[in-house]
Amino acid sequence: MDRRTIETRHLSKADPVMKRLIRDIGPYRLMPRARRSPFESLARAVAYQQLHEKAAESILRRFVALCPARRFPRPDDLLAMDEQAIRSAGFSQAKVAALRDLAAKTLDGTVPTGAKVRTLDDEAIIERLITVRGVGRWTVEMLLIFQLGRPDVLPVDDFGVRNGFRIAYGRRTMPTPKAVRRYGERWKPYRTAAAWYLWRAANRAKKP
């Protein structure tokens, strides 16, 4: 039995509403993306903050072009870049400051390497990475889910998760993060799968 089947069976036994959601939506298909270092993942996350996907991708292409010898600039490359060059790629002054802080904290070991991050538990990763300027808990939770494939992450501050919960559980009003976290205790240790189904519930409701 594969991991995804184990996870969905657990959720179905623990929660009849989740069982119905799994039946209606179908197999759990979350696939972690290509493995990137925490530095690259967070640098990309900074680029995407408050921007449309196409705009962020354009900025990232120009940023990567500043260091043509590499697939993606390293922390020391970024710190050696002229600030105006980074700004010319499309980053705001605040985002340049966030990127420089990210690079400095990667070099001093606060932001772990790709190998090191896999030895740390979820909360240890969150505690380290939220010290970076411009990086909050939600950003780190997305890294845990989509890059590291951690199985027990419930991003209760995510609008899609909370809206999916409201829809699936027939709530009239948007649940608070605290309410979703409390209810989600029954989904442990596979809360990532539950979050994925809540996202699907929210997306399905958008369709005409």
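The values are calculated or read from the model by the stated rules, or taken from the named source; none is laboratory data. From a predicted model like this one, the values you see are computed outputs, not experimental measurements. When we count neighbours, we look across all protein chains shown, and the Cβ atoms used for this are built from the backbone with ideal geometry, even at glycine.
Just one of (1) at pLDDT 95 or above; (2) of a type in the set (D, E); (3) farther than 16 Å from S12 by Cα fails for D158. It is (1).
Quick check on my filter: what residues within segment 90-112 are of a type in the set (D, E, K, R) and either part of a helix (DSSP H, G or I) or touching a residue at least 24 places away in the same chain (Cβ under 8 Å) (or both)? Residues satisfying the conditions are K95, R100, D101, K105.
The rows are residues; the columns are (1) modelled with pLDDT under 95; (2) over 16 Å from the mean Cα position of the chain (by Cα); (3) of a type in the set (S, T, N, Q).
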position: A104; (1), (2), (3): no, yes, no
position: D121; (1), (2), (3): no, no, no
position: G134; (1), (2), (3): yes, no, no
position: L143; (1), (2), (3): yes, no, no
position: F165; (1), (2), (3): no, yes, no
position: A179; (1), (2), (3): no, yes, no
position: G184; (1), (2), (3): no, yes, no
position: W187; (1), (2), (3): no, yes, no
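Q147 meets the conditions (1) surrounded by fewer than 17 Cβ atoms within 10 Å (Cβ to Cβ); (2) at pLDDT below 95; (3) under 23 Å from L51 (Cβ atoms) in every case but one. The failed one is (1).
When residues of segment 38-54 are filtered for being basic (K, R) and in contact with a helix residue (DSSP H, G or I) (Cβ under 8 Å, 6 or more places away or on another chain), how many remain?
Kept after step one, since they are basic (K, R), are these residues of segment 38-54: 44, 54.
Now restrict to residues that are in contact with a helix residue (DSSP H, G or I) (Cβ under 8 Å, 6 or more places away or on another chain): 44.
Count: 1.
Within segment 109-118, can one find any residue that is crowded, with 22+ Cβ neighbours inside 10 Å and over 25 Å from A201 (Cβ atoms)?
Of the residues in segment 109-118, the ones crowded, with 22+ Cβ neighbours inside 10 Å are 111.
Narrowing further to those that are over 25 Å from A201 (Cβ atoms): 111.
So far as segment 109-118 goes, yes, one or more of its residues are crowded, with 22+ Cβ neighbours inside 10 Å and over 25 Å from A201 (Cβ atoms).
Listed by position, the helices (runs of 4 or more DSSP H) inside segment 127-189 whose residues that are more than 28 Å from K105 (Cβ to Cβ) number at least 2 are 159-168, 177-183.
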